[in-house]
2 protein chains.
Amino acid sequence: MERVKPRTLSGFMELLPPKQAQMEKLLSVLRETYARYGFTPLDTPAIEASEVLLAKGGGETEKQIYRFNKGDHDLALRFDLTVPLAKYVALNYGQLTFPFRRYQIGKVWRGERAQRGRFREFYQADIDVIGDGALDILNEAEIPAIIYQTFTRLGLKRFRIRVNNRKVLNGFFALLGLTERAQDVMRTIDKLDKIGPDKVRELLLSECGVDETAADEILRFITVAGTSAEKLQFLEGWRGRNEVFDLGLDELRTVAAYLPEFGVPEENFEIDLTIARGLDYYTGTVYETVMTDHPEIGSVCSGGRYDNLAEYYTNKALPGVGISIGLTRLFYVLQEQGMLSEDVLTAPADVLILPMTDELSGAIALATKLRSAGLRVQLYGEKKKFKAKIAYADKLAIPFVIFLGEDELREGKCSVKDMATGEQQTLTADEAEAMLTAAIAEKNAGAVIREN
Amino acid sequence: MERVKPRTLSGFMELLPPKQAQMEKLLSVLRETYARYGFTPLDTPAIEASEVLLAKGGGETEKQIYRFNKGDHDLALRFDLTVPLAKYVALNYGQLTFPFRRYQIGKVWRGERAQRGRFREFYQADIDVIGDGALDILNEAEIPAIIYQTFTRLGLKRFRIRVNNRKVLNGFFALLGLTERAQDVMRTIDKLDKIGPDKVRELLLSECGVDETAADEILRFITVAGTSAEKLQFLEGWRGRNEVFDLGLDELRTVAAYLPEFGVPEENFEIDLTIARGLDYYTGTVYETVMTDHPEIGSVCSGGRYDNLAEYYTNKALPGVGISIGLTRLFYVLQEQGMLSEDVLTAPADVLILPMTDELSGAIALATKLRSAGLRVQLYGEKKKFKAKIAYADKLAIPFVIFLGEDELREGKCSVKDMATGEQQTLTADEAEAMLTAAIAEKNAGAVIREN
C-alpha cells in the first residue's frame, strides 16, 4: 500500500497526552472561574460568512485570515472571539438579557508567518459584559478580581494586574492640545515597555507631531512613580481642568477602591499610566497582566472598556468591558519556562487494575465499584508478562496499581501498590476505595503552574 | 456607517445561552465519564494538510470536505476525529504507550447539503483504545459499560445497546459460499431497519448475487428472535464449521458474559445479528445504541472493533476499538423531542446580589465570600429601578436574589429571596452561604435529559 507521511502543520499545537492533560486542567480552571463570576458559556461557529467577519474590514486581519469558497459561499475562519460575539449580540439582541455576561474559550485562526512560539491556530479565552445603552463602572471594577482569581487558581503568585484609564489619557492629551493626535500618541506610548522612553520621545516628535515640551510632559506624566494611591494623588493635581479627565479619574478611583473587598492583594495590582493598549476601540479602563519574573513575555491577559461592540452590525449602543487570554501562547510560554507543575496528575487513570486470573468477574466488579466512587480506573486485559504490565503503569505515571490474584479474590481483598513509594497494602474493596479516593483528592489539589 | 446584516451560516448550530448551558452539561458528563474509564483527552488541529486527511481518498468525503489553499499549502478541515487520531498515533508512535486510550470531543466539518437536522459543523465525541499489534477482547467487552454509563448519567433510561460481531457474520457468509460478496451483503443487511426484510431480500438477489435459498437463510439467521442468551444458544448450533465464525462467537460470548459485573442491566443490552455497520473497516464487535421510544432517530452511539487504524500512514499493525457520538445531532434531536430537562440550572449565576446602597463594599465582600465557597455569583451594579433589577433575575432564571440595604448591612445580615417560591429570609453571610450551597447542589443533581 502506498503510504502518506503523517505530519501536523507547523504553527499548529498538538500535544502529547501528559501535556494535553495539563492543558485540560488549565481549561477547566478557566471555565470554573469565569462561571463563578456569573458568565455564561457561549459557542459560536468556527466558520462565518467573510462579509460578516470582515465587516470592520482592512488591515493585517484581512491578510492573515483563512478565507475560502464552498459552493457559492465566501467563507472564513474566525480570527478572534470578539467579532463573533458582536455578530451574536446583534443577531440575538431581542432574546438576550442585558447586561449580557458571556465567556467563550475556543480556537481562532490566523495565517501568520510561522515562527517559534507563534501559532496559526490558538485558543482564546474571553470574557465580556455587554450593556444595553449603558454599563455601570462596577463591571470594570470587577475585572481585576476575575484576573486575580484566574491566575491564582492556576497557581501563579508573582503577577501584576496593570490598570489605566483611556479617559485619563485622552483628557490629559486634550489639555496639551493633542486631541487630534490622541490615537497616534496612544499607540506610541503603548510601546514604552518594548522600546524605552528615549525612542518613544523620538517617535512622539517625528511621527506624532508633538513638540518637545509636550513630549517631555507626556513622558513625565505617564512614568510618574509611586503606589497606586500616590498615583491617584498625583492625578488629583490635574483635576478640574478637563471633564473627560475628571470622569476617567473617578473611574480609576472606583476600580482601585474596591480591590480589598474583591479580594485582590495590593501587590498584585498597579495603576500604570503607561498602559494604553494599541486598539482604537477602548474608551475607559484598560488592563494588562504581566508575570513579574517574566516581563519579556508581555501581557498574558489584556482588555478594556469599549463603547460600541457591534457598530458594524447594528445601530444599538452596546458598551462593554472584556478581557482575553491567549491560552495557546500562555501554555507554550509556561512550558518553555518549566513552569508547568509535574506534581499534577497527568496519567489517563488514577488506578490500573491488573487481573492475575483468567476469569475476570472479580476485577471487573472492583473496577465498576471504584468508578462509581468517581475514580478513574483502567482495567488491563492484555496478555503480557507481569513485568510488562507494571512497566505500563510506570510509563503512564498511573499512581496506583491493584493486583487481583486467586488469593485476594478468595479473601475478598485486593493488593494496592503505591507506585511512588512502592508500598503495597492488602485491603478490602471498601478500604481500597476510601484510601484511593483520599489519596487522589490530595494529588488533584495542586495547581497546574508552579513558580521556580 | 454602512452596516452588515449579522447572520450565522445555515447548517451551523449556534445556541442561545440557556440551550448552550444544557449543551455544556452534556459535554461535561461525557468528559467525566470517559475519564473514569481511563481515557486521556486529546486535541488535534481543525486544519490538516489535505494529503494527510485524504490519504484514504475517494468517495463522499472528498466532495463534502472544506478544502482550501493558504500560500502554497493545500489544507482542509477535518471531517471526523478518526483520521486525525490515525495520523496522531502514526506520528507519535514512539512516544505513546499502548494500549493507548484516548477520548476527543471536537468539531468536525462536512459541507453536506443543508437540511433540517443536518449540520455542516458538528461535535463528535469519540473514544478509542488502540493496541500495538494486539488488543485483548476485554476492551471490546468494556464498551457497552461505557455507553451505558454515559447515557445513564445523561438521564436516559429507555435505550438499548445492540451488539453484533462481524466475524460471526463473515463466518456465516463463508458457510454459504458468499465470502467474496460479504461486504456487499453486510451493507445490504445493515439497511434492514430502514427498508424492511422484503426489500433487503430483493437487494440480496438483485445486487449482491445471492440466490434465493441463501437469501432466505441469511434473513432467517439475522432476524432470529429471543434473548441474548437464546441467540448465543442459537449461534452455538453453527459452531465447529468455520473458524472465523467460532472465534466471533467466543468474542460475542465474552462481551455478553461480563455485563453484570460491568453494571449493565439486561434490558439495556441486546445481541442483534442484524447490526452490520456500513463501514468496511470493522472486523469484530460492532455497536449501535437506540433510544427505545425513538427508533426513527437511528443509532446515537456507534462503533466497533477494527484491525488497522493507521494503515495509510504506517506499516505498524494498530488494532483498536472505538465508539462515536454525534453530539450536535443528538442535542438537536433531544431538543426537538422536548427531552432536554428544564429543571437543570441554565442561568448564568446561582445568585444575583442587588446592592441597595451607593457604597458597595458590603455587597462586594459578600459576593467574594460566596464565590470562594464555589457559588456562581453576579453582582448587579446597573442604575435601574428595583422592579427592573428583579425582572433581570427573573428573565435569566437566576434562582436566588440577595438584597443588601442599609438595615441589612448594619445588622451584618442579608435578605435572600428564593425566586421559585418567593420566600425571603434574613440571614447572616455564613447562613446564606450554607443555605445556598445546599440548595444549588440539589438543583445541580438533576440530569440534562428527561424522558417524557
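The values are calculated or read from the model by the stated rules, or taken from the named source; none is laboratory data. Given the structure is predicted, the values throughout are model-derived calculations rather than measurements. When we count neighbours, we look across all protein chains shown, and the Cβ atoms used for this are built from the backbone with ideal geometry, even at glycine. Remember, those area values only see protein heavy atoms, side chains included, never the ligands or the DNA or RNA. Shrake-Rupley method; radii C 1.70, N 1.55, O 1.52, S 1.80 Å.
Assorted remarks:
- Odd one out for residue B:19 among (1) open to solvent by 30 Å² or more (accessible area, probe 1.4 Å); (2) outside any helix (DSSP H, G or I); (3) of a type outside the set (S, T, N, Q): (2)
- Filter result for residue A:32 (closer than 16 Å to residue B:12 by Cβ, open to solvent by 20 Å² or more (accessible area, probe 1.4 Å) and out of contact with any Ser or Thr (no Cβ under 6 Å at 6 or more places or on another chain)): no
- Within region B:27-39, tally of residues that are at the interface with chain A (Cβ under 7 Å from one of its Cβ atoms) and of a type in the set (A, V, I, L, M, F, W, C): 2
- Listed here are the strands (runs of 3 or more DSSP E) enclosed by region B:271-357 that have at least 3 residues being more than 18 Å from the chain's Cα centre (by Cα): B:282-291, B:351-355.
- Being modelled with pLDDT of 95 or more, facing chain B (nearest Cβ under 8 Å) and assigned to a helix (DSSP H, G or I) holds for only one residue in A:24, A:48, A:14, and it is A:24.
- Once region B:295-324 is narrowed to residues that are more than 30 Å from residue A:2 (Cβ to Cβ) and open to solvent by 30 Å² or more (accessible area, probe 1.4 Å), the residue that is nearest to the other protein chains (Cβ to nearest Cβ) is B:299.
- Residues being open to solvent by 10 Å² or more (accessible area, probe 1.4 Å), in contact (Cβ under 8 Å) with a residue 24 or more places away in the chain and assigned to a helix (DSSP H, G or I) - total across region B:186-213: 4
- Looking only at residues of region B:373-415 that are at pLDDT 95 or above and on the phi > 0 side of the Ramachandran plot, we find that the one that is farthest from the other protein chains (Cβ to nearest Cβ) is B:397.
- Just one residue in the set A:402, A:390 is among the aliphatic types (A, V, I, L, M), more than 37 Å from the chain's Cα centre (by Cα) and open to solvent by 20 Å² or more (accessible area, probe 1.4 Å); that residue is A:390.
- Any hit, region A:354-361, residues being open to solvent by 10 Å² or more (accessible area, probe 1.4 Å) and touching a residue at least 60 places away in the same chain (Cβ under 8 Å): no
- Some residue of region A:254-264 being more than 14 Å from every other protein chain (Cβ to nearest Cβ), within 23 Å of residue A:226 (Cβ to Cβ), out of contact with any Ser or Thr (no Cβ under 8 Å at 6 or more places or on another chain) and touching a residue at least 12 places away in the same chain (Cβ under 8 Å): no
- Some residue of region B:178-185 being modelled with pLDDT under 95 and not in a helix (DSSP H, G or I): yes
- Matching residues in region B:275-327 - criterion: being at pLDDT below 95, more than 22 Å from residue B:57 (Cβ to Cβ) and touching a helix residue (DSSP H, G or I) at 6+ places or on another chain (Cβ under 8 Å): B:276, B:294, B:295, B:297, B:298
- Residue within region A:367-379 that is part of a helix (DSSP H, G or I), open to solvent by 50 Å² or more (accessible area, probe 1.4 Å) and in contact (Cβ under 8 Å) with a residue 24 or more places away in the chain present: yes
- Filter result for residue A:432 (crowded, with 18+ Cβ neighbours inside 10 Å, more than 22 Å from residue B:32 (Cβ to Cβ) and more than 8 Å from chain B (Cβ to nearest Cβ)): no
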